[in-house]
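The values are calculated or read from the model by the stated rules, or taken from the named source; none is laboratory data. Bear in mind the structure is a predicted one, so any value in this text is a computation, not a measurement. Backbone-built Cβ (ideal geometry, glycine too); neighbour counts: all protein chains shown. These area figures cover heavy atoms from the full protein model, side chains too; ligands, DNA and RNA do not enter into them. Shrake-Rupley method; radii C 1.70, N 1.55, O 1.52, S 1.80 Å.
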Amino acid sequence: MPVHGTVEAVMDTLEGAKEVAKVIRQSGYLLEKSDLKRVLADLTASVSEAKMELTLLQDVIEEKDAELIRMHEAIVYRGNLKRRGDGYYKTLDGRPFGQPYCSYCWEKDSHLFHLHNKILSRDTRVCPHCKNEYQAVRTPFLDAVNVA
Ligand SMILES: [Zn+2]
């Protein structure tokens, strides 16, 4: 059985429909009512399975589309991000400003996650995604006003 959500899986489900056609043809187009019921049930099952596989395939395509959009954003951001201390920042005229992004997530997967202040701690920032912790002093908020 092929992996779900693939073209191969869809083709596999359609084999069932081809099998029904073969049975009807081989009977000389003359089937008993009970046999006809059975092959029609097989045909319905094949069509249902094909529908399910197409839905799964659609999900796979939508995931890939989302990944392409995200990668495009990463390319756009790549030229506009600068590392400072332990974080990455957007830049204005080449100077970093604003809230820092997790350097681990950016360098590993090109994902941008703002660091959050750790609850009950002024000295520690944490990435909501990878849970890495950073010293707040090494990942400050950089005011855009001081940049210009
Ligand atoms: Zn992270």
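Please specify each residue of the stretch 1-50 satisfying the condition of being open to solvent by 80 Å² or more (accessible area, probe 1.4 Å) and outside any helix (DSSP H, G or I).
MET1, VAL3, HIS4, TYR29, LEU30, GLU32
Among ALA74, ALA66, which is under 22 Å from TYR134 (Cβ atoms) and open to solvent by less than 80 Å² (accessible area, probe 1.4 Å)?
The conditions single out ALA74.
Cβ-Cβ distance below 8 Å, separation of 6 or more or different chains: which pairs start in the stretch 4-29 with a residue that is at positive phi and end on one that is open to solvent by less than 50 Å² (accessible area, probe 1.4 Å)?
If the second residue must be open to solvent by less than 50 Å² (accessible area, probe 1.4 Å), the pairs left are GLY5/GLU53; GLY5/LEU57.
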